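Here, each number is a calculation from the coordinates, and none is a lab measurement. Only a predicted model underlies this, so the values are computations on that prediction, with no experimental measurement involved. Virtual Cβ from ideal backbone geometry, glycine too; neighbours counted across all protein chains shown.
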Amino acid sequence: MLQDANANSALEQRRQAACPRGVGVQTQAFTASARNAEIWDVNGRRLIDFGSGIAVLATGHRHPRIVAAVKQQLDSFHHTCFQVTPYESYIALCEKLNALTPGNFPKKTALFTTGVEAVENAIKVAKVATGRNAVIAFSGAFHGRTLMGMALTGKVHPYKAGFGAMPADIWHVPFPAQALGVTVDDSIAALEKLFKADVDPQRVAAIILEPVQGEGGFYVAPAALFRQLRAICDAHGILLVVDEVQTGFGRTGKLFALEHMGVDADLITMAKSLAGGFPLSALTGRAELMDAAPPGGLGGTYAGHPLAVAAALAVIDVMQAEQLPARAQLLGEKLMQALRALQARVPELAEVRGLGAMVAAEFKDPATGAPLAARVKRIQELALERGLLLLTCGVHANVIRFLFPLTIEEEVFEEGLAILAEAIAPA
Ligand code: PMP
């Protein structure tokens, strides 16, 4: 294995020559190995992982139960395509997701590979079930990088600019957040205005949103927004689609963030921590909606891959056995406390917010309120130099988001917090 002082820079040179710049890369720490909340790069440096491969590793790197489940699956078969010769584990996972997702009504689940594929299929199901075409999403939302995912995403740079015309009939309304100066009433008024000025609500198939905007800045949707959207959807026969790709599987202190909102969704998308690092996504919804597409209308060659399904079944066991949603709540509270203590010394740390362990720190100029992207980048660099991997988010890239494995050891977590404090407020 490559492991010398220059290994990272040699690989960086090869990367730049062989891979397109469109696949942006945050660090030059090329991974050699990882365990729970730690990564070792090819230079032999250790990093504490507060990013989890973008919200994927709620159960950490290489959790022994997940590794064992995947190895066991590998020893019997690893691909048949569920649509050709199906297998029991796919059904078992669908049964579990039908039971675990919020909503006390008959549900069905289809499995896919990436988060955006679940989103694409949610829109397909909504269209075929309602016979309608229009879809409403929110500014600042992130739903993926395929044509439909990109069109639903509410951020132009770098996701949409230059990639041509978007699919038609997709509309955006402002997302309510205090830091954005948008209230729930403002969002609902914008929606009502859209219905008057641009699109007949009887043509709208779905409204899609994240319970906590992820890439957009970790803005927690007020429960009142969900209540009002549910009422509007019911009044007009519109389906409510909740994108839990980033918020799902324990991250917010509940198994699903929707559990905080007090309403049910018609369709729910999941991916990321669902399979703890194996490519898997799921779409769960009301049974009659999920059955609207004809045989062959849903699926994919690798959709519900046996190794990823084995991992997901183990993830759900681990979530329950180790009570990871409760741990998310606990770790999130500790982190919020640490950040709030720093706020006293760092006036640029304008807002600390979050739900469970889905915590964000937003940096703004205290005098002008201008977003401080450069400051956040510097904090990220200082943390990395000291061995802590941090991710950012936000339409203005001025937010640090925290996505550590929920299985992180107490002492590694504390070590990470200490580095974070040094990076935010150097002595
Ligand atoms: N929806 C949300 C809420 C996401 O956060 C993401 C990924 N960041 C996606 C969809 C797309 O998932 P993927 O990258 O697996 O396609």
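Overview of results
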{"read-out": "Cα-based convex hull volume of the chain per residue, rounded to whole Å³", "value": "152"}
{"read-out": "Kyte-Doolittle at least -0.5, axis length at least 24 Å by Cα - qualifying DSSP helices, the chain", "value": "324-343"}
{"read-out": "Globularity index of the stretch 324-385, i.e. its alpha-carbon radius of gyration over 2.2 N^0.38 Å", "value": "1.22"}
{"read-out": "Order of 409, 117 - criterion: other Cβ atoms within 10 Å of each residue's Cβ, fewest first", "value": "409, 117"}
{"read-out": "Order by protection proxy (mean Cβ within 10 Å, highest first), peptides 311-320, 183-192", "value": "311-320, 183-192"}
{"read-out": "Separation between Cα centres of the stretch 118-171 and the stretch 202-223, rounded to whole Å", "value": "12"}
{"read-out": "Environment charge of residue 204, counting only residues whose C-beta is closer than 10 Å and scoring Lys/Arg +1, Asp/Glu -1", "value": "0"}
{"read-out": "Relative exposure of 105, 402, judged by other C-beta atoms within 10 Å (fewest first)", "value": "105, 402"}
{"read-out": "Euclidean distance between Cα centres, the stretch 37-72 to the stretch 401-418, Å", "value": "13"}
{"read-out": "Binned Cα-Cα distances of the stretch 67-321, short to long, each 5 Å bin given as a whole percent", "value": "1, 6, 14, 18, 20, 17, 12, 7, 4, 2, 0, 0"}
{"read-out": "Bins of 10 Å from zero: percent of alpha-carbon pairs in the stretch 131-171", "value": "32, 59, 9, 0"}
{"read-out": "In the stretch 25-61, the trypsin sites (Lys or Arg not before Pro) that fall in loop regions by DSSP, at most 16 other Cβ within 10 Å", "value": "45"}
{"read-out": "Cross-link table 107/127; 71/254; 96/254; 254/334, entries beyond 21 Å C-alpha to C-alpha", "value": "71/254"}
{"read-out": "89, 33, 52, 76 arranged by Cβ crowding within 10 Å, fewest neighbours leading", "value": "76, 33, 89, 52"}
